Structures are given as structure tokens and as C-alpha cells.
Amino acid sequence: MNRTGLLRERSAGPSRTVLISGASIAGPALAFWLNRYGFEVTVVEKAGALRDGGYPIDVRGTALDVVRRMGILPRLREAHIDLRRLTFLDENGAEVASVDPHAVTGGVGGQDLEVRRGALAGALHAAVLDDVEFLFDDSVDTLGQHPHGVDVTFRGGGARTFDLVVGADGLHSHTRGLLFGPEEQFHRYLGYCFAGFTLRNTFGLVRETTMWNAPSRAAVLYAVGEGDDVHGFLNFARPEPPFAAFRDPEAQRGLVEAVFADAGWEVPGMLAAMRDADDLFFDAVSQIRMPRWSSGRVALVGDAAYAPSFLTGQGSSLALVGAYMLAGSLAAERDHAAGFAAYERDSRTFVTLNQDLVGTGDALLFPTTARALEERNTLLRGLGATPPAGEGRPAHSALVLPEFTSAAALSSDRTDV
């Protein structure tokens, strides 16, 4: 009998039921660990199917131990992108420096993973597919808490009751809004907006990134392999987030075109590609900072609770670690309130350390003044193309994963004696 079956067999009473909203990274990872501890798990996802492809994401430090314990590390190693070069250009398109990517990210060559988001999501989904209920093309509409559970109505018209609900539905979490109110009170805007999209690789790029910079503006071409397409990013500083554009793709395109109208290098072609792209993603660069991550029988995990922003490169890693810590804390405690409290107590320092990395990312990648840009370029010229030595940034590995024991199994042990 496998470990999951053993835990379920030894559990005292029926399994606790948990609804997870969101099937990207944090949701399936949490589902894996909750199922391992004998919970009955349902995952609801508003998309019609698992999202494939997507932009590259990183798995580093403590998160590597999570995927190793899940048994999916070999699959992720096969999907590793192995970015080989990061080239910076000045406003005229001339090369400033070509460096090893780890020199900028603080990663560790030969250990850290960089994979397409869809590759990680696919590996997580495959790990739980046979044990967890997935409801695609649906989402949570309302939540009603009472002493014995949470009544959930779905946008598709269904209604069910669960013992617990967890929001793993991203930076703009609907679950968080239902539970804690408007996003603005937790949203920390970091001063930038960005547009991401796919375009044809007519640049001869292979496993490399090229970044053009002018004060307050950046254009990035990112080739994850030898394919016909590359990822394009257009990033720009802005004092306040353009709230009116967030739900209007045409307004997003117009705003980006206006900001980059006089830019050189390959930017005019990127703007044309953005105009025709069917996968445009536009957002503000921001974090979510909350005083608490749960209320009653509902909790948050991943970006919904503590999005660190892409400037840290730690969003997926925090999601994986947070899922492990939340599931283990709930399993170790009979009472969900104690489990939620332990999850936050034991995870918050790690989260905060990684969110604070934003202070090292913005100045290097996206200087906002000509002086800051020149200082950045001088620093880059000194880095060179040699892979950095060391063990990465301390924040990436600041948490050593604890070993959790199911409270239900321990109770059964005492009863059997």
C-alpha cells in the first residue's frame, strides 16, 4: 500500500474536504501534499484546460527540495531551458555587456531550474491527476462560512460544502477579494508596468536573452530554445498604475505604443508584433503584502497571499514552498485554525526575505535615470561572462523544510496501543 493509502486507512474518521481555487502552480502543489496527508481535494480552475507553454519561471533553493520530495525533479530537469547568455544593449542598440544569467539572477548554475510555466504546471498536474478532482472551466462565485464548513457556489451554477477552502488564484485573487476585501489595500505597486507576448524569432537567438535599455524603459527578447518563436517583453516605469487599462487590451496596446513610440533597436517590430499578438499579457509590477493569510476556514497560498513580483524571480518557488508548508501544517494539527497559524508562523520570514529581494532587482534590470543606467552598465561590464561561484542568494534557501507527521495517524497510533 502506498503512503497516501496508508494515511487514509489509519485516519480517524472521514477525510477532511478541501477546495483549492486555482490550478497553476500553488494549487496543484498544495493538492499533492494534502492528498498525501489523506485530505479529499477538489481543484477548481476558471480556464478550460491546463495552460501549456508560457513564460519561463525559476525553481531555486528550498523549492528544489519540494519538487525533489514530490518526485518530479527528473521531469523538470529534462524540461530545463539552460539559458546561456544575457546580453545588455544601450539605447542605440550597441552591446554593453554579455554575462552569465546567474550573475544577475543570483542563481546557481547546474542546480537551479528554469522551465516554461506550462512545464511545471504539467508536472504538478500529472502528479495528482489520479487522486484529485479537477473542475475546469468553472470558478468560485461566493463563499459562506459557518462553524462546520464553507458553503461554496460556483460560477457554473453548482453549490457544495467543504471543510476548508484555499485561494491559490494568483496576484489578482478573487478568493482574497471575497475574504479580505479590495486588492488595493494589499497591493504594493513597484513603479513599473509590462506587456508580454510571443513573436517570430527572426533575430537568430538561441537559449539567450537580449535586453535593450533606455532610462525608464526596457525591451527584452527571450529565446528559450531553438524554436521559431521568442518571448517579447516591454517594460516601463510609471508613477501610478494605469488602472483604466487593466481590463481593456486595446488601451494596453495604445499605452505601450505611446511609451515606446520613439524607441530604436528592434522595438518598432516588437510593437507591430504586439499589435497582432493573441497572447498579450499586461500588468503592473507589484507585490501582495498581507498582515495575515487566513480567516476562519479559508486561507491563501502563493501569489494570492504573497506575490513577490517577477523582479525577485521567486514567485514559483514561494508558491511551491508555501504549498508544502500549508499542507503539512494542516496535517500536523487537528484544528484548522492551529494549522493556518503554524503555516504563517513558520513561513512568513522566508516569504519576507524573498519579497525584499525586489530591492536588488529593479536597479539592475530597469534603471529609471540616465545616471542610474550608466552606473548599472559599468557594473555589468565588470561581471563578464564567467559563471559566478557560490551558493546563490541566501534568501532562496533560508527555510529548511520540516518533516510533518499526520495528527490523524498519530492519534490512530495511540488508539492502537
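Structure values in brief
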quantity: The chain: antiparallel DSSP beta bridges as a percent of all, rounded to 5; calculated: 70 percent
quantity: Mean projected area (nm²) of the alpha-carbon convex hull when segment 124-217 is viewed from all directions; calculated: 11.0 nm²
quantity: For segment 208-249: rounded, prolate or oblate by the Cα gyration tensor [a/c cutoff 1.5]; calculated: oblate
quantity: Given charges at Cβ of Lys, Arg, Asp, Glu: the chain dipole, positive-most of Thr378, Gly339, Phe154; calculated: Gly339
quantity: Ranking by accessible area, most exposed first, for Glu208, Glu250 with a 1.4 Å probe; calculated: Glu250, Glu208
quantity: Between segment 228-244 and segment 135-156, the alpha-carbon center distance in angstrom; calculated: 34 Å
quantity: Solvent exposure ordering (accessible area, 1.4 Å, most first) of His396, His148; calculated: His148, His396
quantity: Net charge dipole size for segment 165-299 [Lys, Arg +1 and Asp, Glu -1 on Cβ; Debye, nearest 20]; calculated: 700 debye
quantity: Residue among Arg292, Arg381, Arg247 with the largest mean-square fluctuation in a Gaussian network model of the chain, springs linking Cα atoms under 10 Å; calculated: Arg247
quantity: C-alpha center-to-center spacing [segment 104-134, segment 301-321] in angstrom; calculated: 14 Å
quantity: Hull volume in cubic angstrom per residue (convex hull over the Cα atoms of segment 19-155); calculated: 162 Å³
quantity: Residue-normalised accessible area of the chain, given per residue in Å² at a 1.4 Å probe; calculated: 43 Å²
quantity: For segment 164-322: Kirkwood Rh in Å [reciprocal of mean 1/r, alpha carbons]; calculated: 17.1 Å
quantity: For Val41, solvent-accessible area (1.4 Å; no DNA, RNA or ligand), Å²; calculated: 10 Å²
quantity: Stokes-Einstein diffusion coefficient of segment 98-159, Kirkwood radius over Cα pairs, 4 °C, 1.567 mPa s, in µm²/s; calculated: 81 µm²/s
quantity: Largest to smallest accessible area among Glu375, Glu133, Glu403 [probe 1.4 Å]; calculated: Glu403, Glu375, Glu133
quantity: Descending semi-axes in Å of the chain, equivalent ellipsoid built from Cα gyration tensor; calculated: 39, 23, 19
quantity: 4 °C / 1.567 mPa s Stokes-Einstein diffusion coefficient of segment 177-224, Kirkwood radius on C-alpha pairs, µm²/s; calculated: 92 µm²/s
quantity: Principal axes of segment 56-98: Cα extent on each, largest first, Å; calculated: 47, 19, 13
quantity: The chain, relative contact order [Cα under 8 Å, separation at least 6], %; calculated: 22 percent
quantity: Of all accessible heavy-atom area on the chain, the percent that carbon and sulfur account for (1.4 Å); calculated: 51 percent
quantity: Accessible area (Å², 1.4 Å probe, nearest 10) - Thr17; calculated: 30 Å²
quantity: Segment 244-298, Rg to Rh (Cα coordinates; Rh as Kirkwood inverse mean 1/r); calculated: 1.22
quantity: Additional length obtainable on full extension of the chain from Ala338 to Asp151, 0.36 nm per residue less Cα span; calculated: 65.2 nm
quantity: Size of electric dipole in the chain: Cβ of Lys, Arg +1 and of Asp, Glu -1, about Cα centre, debye, nearest 20; calculated: 880 debye
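The values are calculated or read from the model by the stated rules, or taken from the named source; none is laboratory data. In this text the structure is predicted, and so the values were computed from the model without any measurement. Every residue, glycine among them, receives a Cβ derived from its backbone with ideal geometry; neighbour counts consider all protein chains shown. Protein only, heavy atoms only, side chains kept; ligands, DNA and RNA dropped before computing areas. Shrake-Rupley method; radii C 1.70, N 1.55, O 1.52, S 1.80 Å.
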